[in-house]
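Here the structure is laid out as structure tokens; the discussion comes afterwards.
Coordinate-derived values only; no laboratory data. Quantities reported herein were computed from a predicted structural model and do not represent experimental measurements. For neighbour counting, all protein chains shown are included, and Cβ atoms are generated from backbone atoms with ideal geometry for every residue, glycine included.
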Amino acid sequence: MLGIETSCDETAAAVVRGGREVLSNVIASQDDLHAEYRGVVPEIASRAHAERLLPIVRRAISEAGVSTADLSAVAVGNRPGLIGCLLVGVAAAKALAWGLELPVVGVDHVHAHLTAGLLLSAGTKLESLDESSLYPALGLIVSGGHTSMYVCETTTRLRRLGGTIDDALGEAYDKVAAILGLEFPGGPRVDRLAAANTHLAREPESQGADGRSGFPIARIAPESLDFSFSGLKTAALYAYRGVPETARSRMKREARGEPEPERWSAEEIAASFQRAAVRTVELKLERALERHPECRAVLVGGGVSANSALRSMLVDLSQRRGLMLRLPEMAYCLDNAAMIAAMGHDVLMERGWRGDDWTMTATPTTGS
Ligand code: KG4
Ligand code: ZN
């Protein structure tokens, strides 16, 4: 199965055997093209995909040690994402499938992230993973564009439990990185700064001996399985730059004899932000597991599943609750085409290897 991924700023192609064994996984990151804008510029991204995709596909096929004659289908992430970017991948996938007389299948990029923990690097025995024992599983996606939880009956049968009502977790990481003046994409940089300064982390919501409090955890409502990270991001902004004051509120504060609230250091903010962000995800996972005790495993995917603190929280949580955990290898956390091929394989298996028809196209939104 050839997988193609162009939904955002990674141009990727992969060849996967049997839906799980990754024979090649080629990714061309565009970080250098977008760094000066501190975010992905859609037009630059789609042009770069158009230039890079075919050489990347060729490389994926040759690194897999196969030829086009060995391929049995083409899968492409056709939703959600930046429309100009998705269209490049979809056009290429359809053209290749048409030319090679293969079925083509469009898959949901966000759902495909959940297969990342099931992928096996080439050479690993397929039998080493008894996948059926994992289901039903609780699925967590934490990426730059999405943060959501699902109950998964299989990789293709998902019931959405909740998702972010504002910023995605990766987006909040990137924005906090920008506040702190770290380079784009900032998530991994905030992670590194936080990990090196765990001793400075303020416990979320707690009031320190000095009267200074940690960052907030957004519960939203007692039963809610949704996420919110914009309040946490704003708290980090105010901690770094100071709380905005009107002339009136400043006068009042000065009349009370109170000093200006102290600014936190970048290290303290990174460590405290990471502590609060991970605790928020843990709290929502706990809530979801209370509600769905039938879940036997936790499946995780998306760029933030590379986060050091999130990974150790997930290990602790699943041990505590006696759950199996499928943490993706680092190579499969960020956007990649191996997960697209895996998901395409599962969709085709379910349909008796019947592909989409040629009207299949890109859509910027996801179904769920
Ligand atoms: O899944 P992904 O590659 O793209 C989307 O589908 O959105 O995720 C990218 C996101 C970015 O926001 C990036 O900053 C974040 O994942 N990220 C991290 C880490 N590595 C990547 N966030 C926190 N800690 C990390 N180690
Ligand atoms: Zn993604």
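Restricted to the stretch 292-324, and to residues there that are within 16 Å of ligand 2 (Cβ to nearest atom) and outside any loop (DSSP other than H, G, I, E, B), the residue that is nearest to Arg275 (Cα to Cα) is Leu310. So, Arg253, is that one closer than 14 Å to Ala194 by Cβ, of a type in the set (Lys, Arg) and in contact with an Asp or Glu (Cβ under 9 Å, 6 or more places away or on another chain) or not? In short, no. If you go through the stretch 319-329 and keep only what is more than 12 Å from the chain's Cα centre (by Cα) and either within 18 Å of Ser132 (Cα to Cα) or within 16 Å of ligand 1 (Cβ to nearest atom) (or both), you end up with Gly322, Leu323, Met324, Leu325, Arg326, Leu327, Glu329. Exactly one residue among Arg326, Arg291, Arg263 is in contact with a Leu (Cβ under 6 Å, 6 or more places away or on another chain) and over 16 Å from Val190 (Cα atoms), and that residue is Arg326. Number of residues in the stretch 325-355 that are surrounded by 22 or more Cβ atoms within 10 Å (Cβ to Cβ) and assigned to a loop (DSSP other than H, G, I, E, B) equals 6. Within the stretch 280-291, the presence of a residue that is within 16 Å of ligand 2 (Cβ to nearest atom) and over 16 Å from the mean Cα position of the chain (by Cα) is excluded.
Kindly check whether there is at least one residue in the stretch 200-222 that is part of a loop (DSSP other than H, G, I, E, B), more than 10 Å from ligand 1 (Cβ to nearest atom) and touching a strand residue (DSSP E or B) at 6+ places or on another chain (Cβ under 6 Å). For the stretch 200-222, residues part of a loop (DSSP other than H, G, I, E, B), more than 10 Å from ligand 1 (Cβ to nearest atom) and touching a strand residue (DSSP E or B) at 6+ places or on another chain (Cβ under 6 Å): absent.
If the condition is being closer than 18 Å to Cys85 by Cα and among the acidic types (Asp, Glu), then the stretch 14-66 contributes Asp31, Asp32, Glu43, Glu51. Among strands (runs of 3 or more DSSP E) entirely within the stretch 1-71, having at least 3 residues that are within 16 Å of ligand 2 (Cβ to nearest atom), among the aliphatic types (A, V, I, L, M) and surrounded by 22 or more Cβ atoms within 10 Å (Cβ to Cβ) singles out 10-17. Going through (1) within 16 Å of ligand 2 (Cβ to nearest atom); (2) assigned to a helix (DSSP H, G or I) one by one, Gly106 falls short only on (2).
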